[in-house]
Amino acid sequence: MTTETQPRTAVAEPDQDKVEEFVQQLVGDIGTALHGGALWIGDRLGLFRALADAGPVTVAELADTTGLQPRYLREWLDSMTAAEYVTYDPATSRYELPVEHAVPLVDSSFPFFVGGFLEFIVPWISVAPQVATAFRSGGGVPQSAYMDETWEAIERASAPFQQQRLVDWLDGTSNVKRLLSNGGSVADVGCGSGQAAIVLADAFPSARVTGYDIHTGSLDRARRNAAEAGVADRVTFERRDGVDLPTGAFDVVTTFDVVHDSADPAGLLRAIRNTLTPDGTYVAVEMNASSSVEENIGPVGRLMYSASLLYCMTTSLAQGGAGLGTCMGDERFRELAADAGFGDVRTVPIDNPFFILYELRA
């Protein structure tokens, strides 16, 4: 239950222009939050794809194409028009998704494809009441509390860079391609639905690829994905906690957006260090964010902190974990790596504003 009280007497009178400016920001943020539901619906029902394929279209024509209800389509299209995602021609009653808008919404080969991120909106917002409870009681929201669509969203969000750029990114490492091309072994820890492991199995047929995760549903998806990709005989998926890895078992270990989510990041990096062979390499992808909030101010920082609050941090805390959060930052990662025994931590140059790629060796 919320309560409202009169504000305390301010030390100085507020600048009314700044107050009005902030009210506009508030209205925009509230509208953005509610608009997120419409975005989720549009992606979930394939409406952005339908608009991209159709060109200028009337409500009736879009209804015929999609089999969806015209009244709902009109309201959805008008919301997209008001938000300037879609254009509207009142002379012809036609709506159009500009090609420049269609690319990030429907083209999964685009470096900044956002379809998967749209799918996070409803699953993560749905746990907000449980996160609010954790503000009072401590702890967090466990993975079991999230909608099944969460794992599909994670897959869709991560698949583009893993499928299209991972192998190229490995060009910047010192010996990973050599190790895997020569039949080496690789473990993807926190493998989720297996996208990275599948890419590695496909790119390096002689390598021995293993994916580890603690989420059973994601492992089931990974096995199905591997079968569909035709590499089920070259990749193995196992349920295993990342802090409990076999000693000296792998030439290469990878983690993709995993360390900051971990309940025990220090234990995870120690386990990875111990599971590597003497000449082995650890490749890690983390969010390209600072541990200092003042350096994260802006749209990307807002997205990262909100994602952390509603998923990354809270799922770690739910396990009694460290709760590092999405904006763990480069400095903290390097501290963890040094404590785990990695003497060489190198940033590999990649053309991506959201991720940072590390190569670690003993």
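Data for the structure
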read-out	value
Enclosed volume per residue, in Å³, of the convex hull spanned by Cα atoms of the chain	177
Cα pair count fraction exceeding 23 Å, expressed as % - the stretch 16-107	28
Dipole in debye (nearest 20) - the stretch 57-118, about Cα centre, beta carbon charges: Lys, Arg +1; Asp, Glu -1	160
Relative contact order (percent, whole number), the stretch 16-107, Cα cutoff 8 Å, 6+ residue spacing	29
Percent antiparallel among DSSP beta bridges (both partners in the chain, rounded to 5)	45
Exposed-site-free run, longest, the chain (rule: GluC sites (Glu not before Pro); DSSP loop; at most 11 other C-beta within 10 Å)	85-362
11 Å beta-carbon shell around residue 243, net charge (K/R +1, D/E -1)	-1
Whole-angstrom gap from the stretch 301-362 to the stretch 25-72, using each part's C-alpha centre	35
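Quick note: the coordinates plus some simple rules give every number you see, no bench work behind them. Fair warning: this is a prediction, and the values are worked out from it, not measured in the lab. Glycine gets a Cβ as well: all are built from the backbone with ideal geometry, and neighbour counts include every protein chain shown.
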